[in-house]
1. Restricting to DSSP loop positions (anything but H, G, I, E, B) with no more than 14 other Cβ atoms inside 10 Å of their own Cβ, which chymotrypsin sites (Phe, Trp or Tyr not before Pro) remain in the stretch 79-166?
2. Over 10 Å intervals from 0, what percent of Cα-Cα pairs in the stretch 72-186 sits in each interval?
3. Counting only helical runs of four or more DSSP H residues, what would the 222 nm mean residue ellipticity of the chain come to if each run contributes -39,500 (n - 2.57) and the total is spread over all its residues?
4. Name the residues whose placed amide hydrogens come within less than 5 Å of the amide hydrogen of residue 48, ignoring near sequence neighbours (fewer than 5 apart) on the same chain.
5. If the viscosity is 1.306 mPa s and the temperature 10 °C, what Stokes-Einstein diffusion coefficient in µm²/s follows for the chain when Rh is the Kirkwood radius over Cα pairs?
6. Within the stretch 72-186, what whole-number % of the accessible surface is contributed by carbon and sulfur, with the 1.4 Å probe and all protein chains included in the calculation?
7. Run the accessible area of the stretch 2-66 with a 1.4 Å probe and give the carbon-and-sulfur part as a rounded percent.
8. What do the square roots of 5 times the Cα gyration tensor eigenvalues come to for the stretch 2-66, in whole Å, largest first, as semi-axes of the equivalent ellipsoid?
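The values are calculated or read from the model by the stated rules, or taken from the named source; none is laboratory data. As the structure is a prediction and not an experimental result, all values here were calculated from the model. Using ideal geometry, Cβ is built from the backbone for each residue, glycine included, and neighbour counts are taken over all protein chains shown. Surface areas here come from the heavy atoms of the whole protein model, side chains and all, with no ligands, DNA or RNA. Shrake-Rupley method; radii C 1.70, N 1.55, O 1.52, S 1.80 Å.
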Amino acid sequence: MLEETGLPYEAHKISLSGDTTTPEFLSLNPNNKIPAIIDPNGPDGTPMGLWESGAILIYLAEKSGKMLGASDTERYQVIQWVMFQMGGLGPMMGQFGYFHKFAGKEIDDPRPKQRYIDEVRRLLNVLNGQLAGKDFMVGDSYSIADIASWPWVRAFVGFYEGGDLVGFEDFKDIQNWVTRCAERPASLAAVNIPDRNA
Ligand SMILES: N[C@@H](CCC(=O)N[C@@H](CS)C(=O)NCC(=O)O)C(=O)O
């Protein structure tokens, strides 16, 4: 979003094995998660900290006047689909990852993992329907709904290796949309900020 808008920013590399529980980080986000931002020039001209990616995206969209739909109706639809990611795609894919790739894969009971496979497939079906015949999730333009969502789908298939389990092959509109979003110049730049190998 910062690359798309051109807002100036300074990225900080955060390790999930320790950096999010320091007193300094907790003073910014008591929920010890990334992302979190500090805008030194917040709404009242004073510094403002903010966490939860959906809230950050809405804030940056309003600050820049970009990525929030082309009309008032689209604005609420964009927010609706951002919430769909926050409450659906993100948590369900994340829990799937725990049971499929991380510590949860040692659990013999197949039901927890199956629960998240079924829920992710259901959510992808909803998203695929929304994308039918469209380039982006809402209206004709790229928005914070897309920005919130495509990296999760890409990570579900690539990083969590869940594609085969949900029949990702069948979700052609999602596949084309992920490629379309990932190939934007801002996306190509952003996925390596901060430098993963530094
Ligand atoms: N709903 C939150 C989710 C944030 C989240 O789960 N962040 C993960 C990384 S993707 C994290 O910081 N995990 C570190 C931890 O749990 O210790 C948001 O969208 O900002």
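1. 102, 159
2. With a bin width of 10 Å, the distribution comes to 14, 46, 29, 9, 1.
3. -15000 deg cm²/dmol
4. It is 39, 41, 42, by chain and number.
5. After rounding, the answer is 88 µm²/s.
6. Ligands and nucleic acids excluded, carbon and sulfur give 50 percent.
7. Result for the stretch 2-66: 56 percent of the exposed heavy-atom area is carbon or sulfur.
8. Rounded to whole Å, the semi-axes are 22, 13, 11.
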